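Chemist: Please find one structure pasted underneath; my questions will follow.
Quick note: the coordinates plus some simple rules give every number you see, no bench work behind them. This one's a predicted model, so the numbers in the text were calculated from it and none came from an experiment. As a convention, Cβ positions derive from the backbone with ideal geometry for all residues, glycine included, and neighbour counts pool all protein chains shown.
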2 protein chains.
Amino acid sequence: MSKPPQPPGPSAPPAADAPHGARRVGIIGAGQLARMMLGPAIELGLTAPVLATSREESAAAVAGQVHLGRHDDEQAVRTLAGEVDVLTFDHEHVPAAILEPIGAESLAAVRPGPAALAHAQDKLVMRERLTALGHPCPRWWRVGSRADLAEALERTGGRLVVKTPRGGYDAHGVRVLDAADQADDWLSEHGQLLAEELVPFTRELSAQVARRPGGEAVAYPVVQSLQKDGVCYEVVAPAPGLDESAQQRIQALALAIAEDLEVVGMLAVELFETADGEVSVNELAMRPHNTGHWSMDGAVTGQFEQHLRAVADLPLGATTPRGPVAVMVNLLGGAAEDLAPGAHAALAADPELKVHLYGKSVRPGRKIGHVTLVGEDAGDLLARAHRAERLIVDGPATAAPADGTTKETR
Amino acid sequence: MSKPPQPPGPSAPPAADAPHGARRVGIIGAGQLARMMLGPAIELGLTAPVLATSREESAAAVAGQVHLGRHDDEQAVRTLAGEVDVLTFDHEHVPAAILEPIGAESLAAVRPGPAALAHAQDKLVMRERLTALGHPCPRWWRVGSRADLAEALERTGGRLVVKTPRGGYDAHGVRVLDAADQADDWLSEHGQLLAEELVPFTRELSAQVARRPGGEAVAYPVVQSLQKDGVCYEVVAPAPGLDESAQQRIQALALAIAEDLEVVGMLAVELFETADGEVSVNELAMRPHNTGHWSMDGAVTGQFEQHLRAVADLPLGATTPRGPVAVMVNLLGGAAEDLAPGAHAALAADPELKVHLYGKSVRPGRKIGHVTLVGEDAGDLLARAHRAERLIVDGPATAAPADGTTKETR
């Protein structure tokens with residue numbers, strides 16, 4: 001007996017109505033964060049043109065599609081928006097005045113949207129909102145004059161940190177003061193500044209989450225980050241010694257911030273941890289973040305793939321680590337102008353090492369790449385990652401051997 | 001006391017003399033294998049232009065640099081060679097007559113070189129060489145006439161397989177015969193054919209190795225592969241039930257073939273395993289291979305990164321698996337012309353799933369992507385991978401639910 005003909009299911013939607021997410025994601029900015037989205041975009045089958053200021057920029061040098069223009073040039077941003085389903089970002093500096101009409105006119109979805117981005121663009125806006133929401137922050141003051149600063153200094157025992165509300169990154173736009181006249185230049189330039197107590201933190205943590213437009217969100221393991229001259233330098237995932245309940249509490253905080261601010265994409269919440277185990281929010285970043293580079297090799301879904309999935313409204317991927325511990329060490333420009341000989345030596349010394357180079361010219365302290373390792377023991381992994389770092393940034397001829405013996409020449 | 005000036009170490013080489021490997025790797029051909037090299041090339045900081053016949057080809061659609069031209073157009077290949085340090089391949093079909101002068105004139109290093117490639121280009125050359133070297137092969141005959149075929153058929157009990165020496169891939173160029181007149185067309189086209197006994201294999205295995213110009217080589221875990229209509233369909237890594245001594249013996253065989261043939265890059269040795277546990281060589285491929293796609297997500301160093309490291313003469317990476325078992329299932333063109341809705345449904349159903357799409361138009365049976373999973377249990381992983389495969393190639397509206405219950409609509 002042959003199978004009877006099947007009536008078309010009245011409730012079965014045609015395939016064309018099935019959700020499929022965005023197919024074209026335009027990336028504004030062409031630094032290393034845009035660059036590291038390109039590989040995952042290829043594998044996901046997403047088109048990912050970048051808006052770059054020159055063809056030599058990190059992502060522009062390797063992208064399949066490059067638009068030339070500045071992130072604050074309205075026409076350049078709109079032209080890219082017109083060719084994609086979604087706009088996302090290598091950095092948070094695109095003015096809301098450019099982004100708002102793009103979303104309002106449905107020229108492209110803007111993810112994260114300008115209302116969310118405001119909290120990563122303006123540190124005063126961020127502090128006001130987080131405080132209103134009851135999320136833990138250092139004590140802070142909006143200061144508009146020397147008198148304001150003097151008052152804040154009095155409350156903080158004579159030392160505090162001031163930050164420009166906008167335009168800062170890494171160590172830029174951050175200054176520690178012990179006198180009220182030490183920020184005159186910034187006061188005249190910015191009008192208002194953010195002053196904060198110096199938090200006596202024992203270490204810095206970072207909590208990353210990803211959130212889709214509909215609210216689906218996932219959290220990565222909370223990591224420990226170490227800064228060097230205000231620049232992210234070393235990350236251990238998960239944060240050593242952080243117990244499960246503390247981790248869950250911090251993940252819940254980051255998920256709540258993503259929900260409260262309606263972030264779409266990756267959100268990094270940088271935190272201070274104090275001796276009592278409490279945390280307070282230092283900074284927010286609404287994009288893949290340096291403290292999440294470990295996940296490229298150390299998690300089932302790396303942060304660059306995850307960011308694309310979130311902004312394209314694709315289902316989010318597992319954040320499960322691929323091993324007990326992952327470490328990341330940044331390559332910050334040093335003596336070697338050519339990174340290839342050191343990378344060669346580092347790969348030869350450690351077959352498990354993953355080297356990521358950004359294709360940027362070397363300047364002292366500039367982020368030019370990073371290395372990762374996944375394994376069992378954080379101390380061992382860090383020693384190996386730093387050996388690789390020295391070989392690459394100093395060059396193999398000058399890097400001291402890790403074991404202290406005389407360097408063999410060859 | 002200041003540090004005394006250091007004399008320049010007479011034996012310390014300047015950094016410029018340190019080895020650094022190639023920086024520019026040109027890829028001939030722009031199929032999915034070239035495409036999947038692009039992400040790793042970005043991370044390694046390698047420039048990787050592709051030679052494509054159109055801008056719509058799988059790799060050309062996403063590559064940063066595209067040269068247009070055919071792989072058998074000498075001028076097109078030479079133009080690409082002139083702009084890179086190394087030429088490598090998406091496929092093995094570039095004529096030796098084009099490649100030999102490129103190497104001889106040092107226009108670019110050709111890796112793998114034409115002398116090695118000959119064994120992947122011509123199955124008669126491969127059989128003769130492997131037999132001379134004493135590596136295990138099925139019984140085989142060079143046949144140039146019906147009479148030759150009749151004689152071979154007599155020795156194999158009336159059935160055998162014939163293969164065109166050149167130009168075959170997947171199921172193309174392979175035919176099973178039971179009469180001597182069934183290959184007249186191929187005899188007149190090719191002159192000589194390869195005839196082989198039909199091996200009563202219990203399963204197919206694949207052994208992949210990578211080899212650098214100087215001879216450094218590494219072996220991946222031996223995997224089990226399942227074909228469907230002559231096309232690779234499903235891979236389990238490592239091969240279930242293969243004991244350690246058998247694995248080592250097979251890895252040693254693949255390493256010996258790579259050494260004997262002076263292969264540079266990835267080499268895949270496809271094998272028949274028979275009931276007695278013996279293996280014989282079926283095919284060789286000198287490039288990343290479908291049976292190695294699992295390693296993109298399932299090994300510390302994926303085969304595409306490894307191939308680039310080998311041909312660029314960079315130190316090879318660890319082949320260590322990232323978990324106890326990895327599986328790969330190919331996406332072969334089916335009912336769905338648009339893969340995005342099914343990919344969306346598959347990602348939603350399985351957060352650990354990795355989907356790789358090749359950006360190719362859908363035709364029945366065509367390789368259009370693959371999925372991988374890493375975990376503990378091969379049966380579970382395969383069930384999940386095949387559920388994803390059905391969703392993507394059939395489309396979410398028509399794919400039967402994996403658990404047999406009525407499909408929920410939404």
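Chemist: Mind checking the dipole of chain B: about its Cα centre, +1 per Lys or Arg Cβ, -1 per Asp or Glu Cβ, Debye to the nearest 20?
Modeler: 780 debye
Chemist: Sort shortest first the distances from B:Gln182 to its counterpart in every other copy, using label points 7 Å along the Cα-to-beta-carbon line, and give them in nm.
Modeler: Nearest first, the other copies' label points are 8.9 nm away.
Chemist: List, in order, the whole-Hz ³J(HN,Hα) value for each residue of the stretch A:101-115 obtained from phi through the Karplus relation with A = 6.51, B = -1.76, C = 1.60 and θ = phi - 60°; use x for Gly and Pro.
Modeler: Each residue's phi maps through the Karplus curve to give x, 4, x, 4, 8, 6, 5, 7, 6, 10, 9, x, x, x, 5 Hz.
Chemist: Residues with amide H under 5 Å of B:Leu331's amide H, sequence separation 5 or more or different chain, H placed in the peptide plane at 1.01 Å from N; which?
Modeler: Long-range HN contacts for B:Leu331: B:Ile368, B:Gly369, B:His370, B:Val371.
Chemist: Continuing with the same structure: Net charge within 15 Å of B:Ala52 by Cβ-Cβ distance, Lys/Arg positive one each and Asp/Glu negative one each, not counting B:Ala52 itself?
Modeler: Around B:Ala52, the charge tally is -2.
Chemist: Okay, moving on. Taking the Cα centre of the stretch A:201-394 as origin, work out the dipole magnitude from +1 charges on Lys and Arg Cβ and -1 charges on Asp and Glu Cβ, in debye rounded to 20. All intermediate terms of the calculation are to be shown ahead of the outcome.
Modeler: Working: 16 positive and 26 negative charges, 122 e Å.
Computed about the Cα centre, the dipole is about 580 debye.
Chemist: I've got another one for you. Which residue, B:Leu124, B:Leu149, B:Leu99, has the largest displacement toward the positive end of the dipole of the stretch B:91-160 when charges sit on each Cβ (Lys, Arg +1; Asp, Glu -1)?
Modeler: Looking along the dipole axis, the top candidate is B:Leu149.
Chemist: Follow-up question, since we're still on this one. Net charge within 13 Å of B:Ser188 by Cβ-Cβ distance, Lys/Arg positive one each and Asp/Glu negative one each, not counting B:Ser188 itself?
Modeler: Result for the neighbourhood of B:Ser188: -3.
Chemist: Right, next: Taking the Cα centre of the stretch A:139-196 as origin, sum charge times position over the Cβ atoms of Lys and Arg (+1) and Asp and Glu (-1), and report the length of that vector in debye to the nearest 20.
Modeler: 240 debye
Chemist: Roughly how far apart, in whole Å, are the Cα centres of the stretch A:277-291 and the stretch B:135-172?
Modeler: Between the Cα centres of the stretch A:277-291 and the stretch B:135-172 lies a distance of 65 Å.
Chemist: Turning to a different aspect of this structure: Using the charge dipole of the stretch B:19-110 (Lys, Arg: +1 at Cβ; Asp, Glu: -1 at Cβ; taken about the Cα centre), state which of B:Thr53, B:Gly21, B:Ala109 has its Cα farthest towards the positive end.
Modeler: Value computed over the given set: B:Gly21.
Chemist: Under a point spin-label approximation (7 Å from Cα along Cα-to-Cβ), what is the A:Glu262-A:Arg366 distance to one decimal in nm?
Modeler: Distance between the two pseudo-spin positions: 3.9 nm.
Chemist: Same structure, new question: How far is B:Ser145 from the same spot in each other copy, in nm, shortest first, if each label point sits 7 Å from Cα toward Cβ?
Modeler: Computed spacing set for this position: 11.0 nm.
Chemist: Distance check, please: which entries in B:Lys123/B:Lys354; A:Lys354/B:Lys367; A:Lys360/B:Lys360; A:Lys163/A:Lys228; A:Lys228/A:Lys360 exceed 23 angstrom between their Cα atoms?
Modeler: Correct reply: B:Lys123/B:Lys354; A:Lys354/B:Lys367; A:Lys360/B:Lys360.
Chemist: Using only the Cα atoms of the stretch A:15-110, build the gyration tensor, take square roots of its eigenvalues as a ≥ b ≥ c, and label the shape rounded, prolate or oblate: rounded if a/c is under 1.5, else prolate if a/b is larger than b/c, else oblate.
Modeler: Note, shape of the stretch A:15-110 comes out oblate.
Chemist: Using alpha carbons only, how many angstrom separate the centre of the stretch A:188-223 from the centre of the stretch B:47-92?
Modeler: 44 Å
Chemist: Under a Cβ-Cβ cut-off of 13 Å, what is the net charge of the residues other than B:Pro101 that fall near it, where Lys and Arg count +1 and Asp and Glu count -1?
Modeler: Local charge sum for B:Pro101: -2.
Chemist: Considering amide H positions built from the backbone, and no H for Pro or chain starts, which residues 5 or more places from A:Leu51, or on another chain, come under 5 Å of its amide H?
Modeler: So A:Leu51 has HN proximity to A:Ile27, A:Ile28, A:Gly29, A:His67.
Chemist: Same structure again: Suppose only helical runs count, i.e. DSSP H with n ≥ 4. What mean residue ellipticity at 222 nm does that imply for the protein assembly as shown under -39500 (n - 2.57) per run, divided by all residues and rounded to the nearest 500 deg cm²/dmol?
Modeler: Details: 24 runs with 246 residues, N = 820.
Taking each H run of at least 4 residues, the total per residue is -9000 deg cm²/dmol.
Chemist: Taking the Cα centre of chain B as the origin and placing charges on Cβ (Lys, Arg +1; Asp, Glu -1), which of B:Gln208, B:Tyr220, B:Gly302 is farthest toward the positive end of the dipole?
Modeler: About the Cα centre, the residue reaching furthest to the positive side is B:Gly302.
Chemist: Any idea what the A:Asp229 label distances to the other copies are, label 7 Å down the Cα→Cβ vector, nm, shortest first?
Modeler: 6.1
Chemist: Can you work out ³J(HN,Hα) from phi for every residue in the stretch A:172-182, in order, using Karplus 6.51 cos²θ - 1.76 cosθ + 1.60 and θ = phi - 60°, giving whole Hz and x for Gly and Pro?
Modeler: Taking θ as phi minus 60°, the curve returns 6, x, 10, 8, 9, 10, 10, 8, 5, 9, 8 Hz for the stretch A:172-182.
Chemist: How far, in whole Å, is the nearest Cβ of chain B from the axis relating it by rotation to chain A, and which residue carries it?
Modeler: With distances in whole Å, chain B gives B:Gly39, 1.
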